[in-house]
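To keep things clear, I will list the structure first and then write my remarks on it.
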């Protein structure tokens with residue numbers, strides 16, 4: 001009871017005591033919060049605001065991860081089914097990434113939305129390297145860009161080599177008709193000897209390496225088959241019906257391009273969701289760690305302010321006692 | 001049946017590519033389905049993207065291709 005009276009008196013006298021200079025240990029905490037000099041009670045408001053916003057960010061990134069996971073599940077089935085569409089073409093015509101042609105068109109598939117980690121940057125890097133590799137005297141390569149993110153990166157330094165830019169591809173769920181209309185538009189607008197499609201192939205949720213798929217124009221296929229090598233066996237096939245070999249090769253080339261594009265777009269979409277999942281996951285983890293550190297700072301600040309108040313009360317009371 | 005030996009098929013003479021031809025055929029097949037499956041299948045034909053050509057490092061006005069399953 002006596003202590004309570006002392007405490008009450010101490011508190012009454014506390015406002016009369018001139019503000020104590022803040023000790024060095026606490027001043028480091030204060031200077032972060034930019035409190036004016038000489039204020040006694042250390043404010044925890046700033047730290048509390050930061051904690052609230054970090055917690056909200058953590059919730060949002062967790063939700064984004066869940067959304068990406070569910071989208072991934074849906075589109076992964078489609079991508080795996082679409083692999084069977086281009087495999088017969090590779091069985092027939094082979095894959096010739098090292099073919100040497102005059103006009104190369106590099107098609108870069110990327111996403112429209114961000115927050116998906118580094119997949120778009122790797123695709124762009126590979127495309128630029130491919131462009132350097134395939135250009136030279138009498139050889140030329142140009143870009144066809146799918147997706148906003150790659151477009152932004154290409155605009156910076158390869159503006160002159162861009163032929164077409166396509167965006168808003170994922171407004172509706174991806175289907176073959178859409179990709180084939182797109183492929184048709186590309187074929188109409190671009191002349192090429194070889195098309196190289198750069199995309200991120202989906203192996204698993206954590207592994208999506210960039211890959212290049214090559215589609216040759218019918219003239220190039222003719223040339224290669226005459227010169228022997230992989231395509232030399234093409235002549236040993238019999239052709240039924242009234243079409244010539246050139247006709248068939250042209251139909252095949254167009255259809256092959258459409259199928260390979262379909263697979264590329266689907267696999268890239270899968271990789272995008274997978275990359276977004278892991279990016280959001282590491283983001284939530286970082287937010288959690290940040291929250292832990294902030295909580296420690298908050299508690300330290302809070303305890304320091306309690307200790308300061310106690311010291312003032314007690315020193316006030318002892319000053320009274322004389 | 002094919003009286004043409006080296007003549008071009010009708011659709012290529014009309015300016016279509018094989019892709020356009022096969023899309024039209026696919027659309028015809030989808031329209032042969034009966035009701036609940038038909039609307040499902042037709043939703044798988046929706047097209048939407050925006051294409052812009054570039055000349056000399058400058059983009060031209062983008063053309064929007066939307067909701068047209070075939071050319």
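For the stretch A:206-219, the set of residues classified as surrounded by 18 or more Cβ atoms within 10 Å (Cβ to Cβ) and in a loop (DSSP other than H, G, I, E, B) consists of A:208, A:217, listed by residue number.
With respect to being closer than 30 Å to residue A:173 by Cα and in a helix (DSSP H, G or I), residue A:277 fits the description. Restricting attention to the stretch A:157-172, which residues are facing another protein chain (nearest Cβ under 7 Å), over 22 Å from residue A:141 (Cβ atoms) and touching a residue at least 24 places away in the same chain (Cβ under 8 Å)? Result: A:168, A:169.
Remark: residue A:175 matches the filter, which requires a residue to be at the interface with chain B (Cβ under 8 Å from one of its Cβ atoms) and free of Cβ contacts under 8 Å to residues at least 24 places away in the same chain. Taken together, the residues in the stretch B:41-68 that are out of contact with any strand residue (DSSP E or B) (no Cβ under 9 Å at 6 or more places or on another chain), facing chain A (nearest Cβ under 8 Å) and surrounded by 12 or more Cβ atoms within 10 Å (Cβ to Cβ) amount to 3.
The numbers here are math on the coordinates, done by the rules we state, and not lab data. Computed from a predicted structure; not experimentally measured. Note that we place each Cβ from the backbone using ideal geometry, even for glycine, and neighbour counts take in every protein chain shown.
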